[in-house]
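Below is one structure; the comments refer to it alone.
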Amino acid sequence: MNKKGLALVTVLIFTLVMSILAGAVLSLMTTEARLTEHQVRRIKAYYAAQSGMIYELENLRKNPLPPNSTTTFTYSAADLYPVTISVAKINQTDPLKDTRSVSATVDYKP
């Protein structure tokens, strides 16, 4: 085999190896980008639920619910995820104790 043929084979092998490495790096970067996007959405959903809880607790502080009543409302936190807040009275027997249960549910779709 002459030197030109050997150089051609070497360049082709080098190009093939570099192409395979580039494909692997591109695949890894795409996967990492998807994982990061999923994590960001999950964190946004968590904070949307937290903001809903804080909003409803502040609303209860300003405008208490009548005894033996419950309420549910849904809002969209920053137009991201629908958040449903439910408020219910826990202690129904003692009118002096006004204990409420507040729960938040986020409609999160990854």
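Values for this structure:
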item	result
The stretch 1-49, Rg to Rh (Cα coordinates; Rh as Kirkwood inverse mean 1/r)	1.52
Nearest-10 value in Å² for the accessible area of residue 40, using the 1.4 Å probe	60
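The values are calculated or read from the model by the stated rules, or taken from the named source; none is laboratory data. All figures in this text were calculated on a predicted structure; none of them were measured in a lab. Ligands, DNA and RNA are excluded from the accessible area calculation, which covers all protein heavy atoms including side chains. Shrake-Rupley method; radii C 1.70, N 1.55, O 1.52, S 1.80 Å.
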